[in-house]
1. Ignoring ligands, DNA and RNA, what accessible area per residue does the chain give at 1.4 Å, in Å²?
2. Note down the net charge around Pro4, summing +1 for each Lys or Arg and -1 for each Asp or Glu among other residues with Cβ under 13 Å from its Cβ.
3. What does the helix-only formula give at 222 nm for the chain: each DSSP H stretch with n ≥ 4 adding -39500 (n - 2.57), the total divided by the residues, and the result rounded to the nearest 500 deg cm²/dmol?
4. Sequence neighbours fewer than 8 away in the same chain don't count; with that in mind, list the lysines whose C-alpha is under 16 Å from Lys36.
5. Once both axes come from the Cα atoms, what is the angle between helix 38-55 and the longest principal axis of the chain, in degrees from 0 to 90, rounded to 10?
6. Looking only at segment 17-60, which residues have a backbone nitrogen under 15 Å from a spot 7 Å from the Cα of Asn66 in the C-beta direction?
7. Identify the chymotrypsin sites (Phe, Trp or Tyr not before Pro) of segment 59-90 meeting these criteria: DSSP loop state and at most 16 other C-beta atoms within 10 Å of the C-beta.
8. Here are labelled values, [x] 19.1; [y] 14.6; [z] 13.4, and one is the computed Kirkwood radius over Cα pairs in Å for what I pasted. Which one?
Amino acid sequence: MVAPLTTEQRTDALASLPHWIYDAHRRAFYRRILLKDFSAAIGLMMRVALEAEKADHHPEWTNVYNKLDIWLTTHDAGDVSERDVNLAKVIDALV
């Protein structure tokens, strides 16, 4: 079982992830990314998917044309965990 972040840890993590917010309803980190077009959005999704697979930690996401909405949560923890922080940093680097 993966441990969820404490409120303090979550606040500290978000301070280092300026494009992300905490979605309390979904108990997840959330980010919206606007890209040039659909091809750019799908390309980013593919790059994230490869990294997520390596980390064995997968995002919840939706895509509409150039808009990509991403939620990161750790279902085993029932909230966000260090795994979500790490994947958010990878996503930020890919953007």
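The values are calculated or read from the model by the stated rules, or taken from the named source; none is laboratory data. Everything numeric here is computed off the predicted structure, so don't read it as measured data. In this analysis, Cβ positions are derived from the backbone assuming ideal geometry, glycine residues included, and neighbour counts consider all displayed protein chains. These area figures cover heavy atoms from the full protein model, side chains too; ligands, DNA and RNA do not enter into them. Shrake-Rupley method; radii C 1.70, N 1.55, O 1.52, S 1.80 Å.
1. Details: 5610 Å² over 95 residues.
Using a 1.4 Å probe on heavy atoms only, each residue of the chain averages 59 Å².
2. Details: positive: Arg10, Arg27, Arg83; negative: Glu8, Asp76, Asp79, Glu82, Asp84.
With Lys, Arg at +1 and Asp, Glu at -1, the neighbours total -2.
3. Result for the chain: -13500 deg cm²/dmol, rounded to the nearest 500.
4. Here the lysines satisfying the reach criterion relative to Lys36 are Lys67.
5. 40 degrees
6. Only 33-44 pass the distance filter.
7. On the way: sites: Trp61, Tyr65, Trp71; in loops: Tyr65.
Answer in residue order: Tyr65.
8. Step by step, Kirkwood radius over Cα pairs in Å for this structure corresponds to label [z].
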